[in-house]
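Worksheet: the structure to be examined is printed underneath.
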Amino acid sequence: MFVPTPSSVVRDRAETIARGALLLLNTRSQILRRLLRCYWVWQVPGLSCWIVRMALQSRGTQSLSCPCRYSEIVDVARLLLGDRESVQPLAATQAELKSAFEEIDRNAWLRPAVLSYFADRLRE
């Protein structure tokens with residue numbers, strides 16, 4: 001089902017979530033960076049939340065300097081969209097991210113639109 005949406009709203013929310021994912025991927029630990037991208041980690045209750053907290057504690061000193069490809073950032077952003085419990089420690093540090101997730105929770109059409117935005121960006 002296609003719902004026409006204002007592209008700026010979708011783009012802003014998607015890029016906010018992508019910045020949150022990049023913030024997590026900016027960890028100094030290669031192991032945490034790899035675990036953040038593993039789908040199964042997000043399926044184990046409590047594990048993803050713990051990894052998010054660890055990634056936030058060990059993130060690099062330089063802001064958003066992770067040598068990641070955009071596809072890796074999108075993978076983590078998609079996983080963040082599916083797990084609200086794990087987002088809480090991250091949202092506590094980023095007010096903009098918290099408001100983006102709250103808006104996605106309020107508007108059912110926004111989540112698929114954000115996922116579609118990520119898919120379109122990956123095809124570019």
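The values are calculated or read from the model by the stated rules, or taken from the named source; none is laboratory data. From a predicted model like this one, the values you see are computed outputs, not experimental measurements. In this analysis, Cβ positions are derived from the backbone assuming ideal geometry, glycine residues included, and neighbour counts consider all displayed protein chains. Protein only, heavy atoms only, side chains kept; ligands, DNA and RNA dropped before computing areas. Shrake-Rupley method; radii C 1.70, N 1.55, O 1.52, S 1.80 Å.
Does Val76 meet the test of being in a helix (DSSP H, G or I) and touching a Pro at 6+ places or on another chain (Cβ under 6 Å)?
On the way: in a helix (DSSP H, G or I): yes; touching a Pro at 6+ places or on another chain (Cβ under 6 Å): no.
Against the criterion (in a helix (DSSP H, G or I) and touching a Pro at 6+ places or on another chain (Cβ under 6 Å)), Val76 does not qualify.
Could you check, for segment 99-109, whether at least one of its residues is open to solvent by 40 Å² or more (accessible area, probe 1.4 Å), in contact with a Leu (Cβ under 8 Å, 6 or more places away or on another chain), of a type outside the set (Lys, Arg) and in a helix (DSSP H, G or I)? Please lay out each step first, then the result.
Going through segment 99-109, the residues open to solvent by 40 Å² or more (accessible area, probe 1.4 Å) turn out to be 99, 102, 105-109.
The next check asks that each one be in contact with a Leu (Cβ under 8 Å, 6 or more places away or on another chain); those that pass are none.
There is no residue in segment 99-109 that is open to solvent by 40 Å² or more (accessible area, probe 1.4 Å), in contact with a Leu (Cβ under 8 Å, 6 or more places away or on another chain), of a type outside the set (Lys, Arg) and in a helix (DSSP H, G or I).
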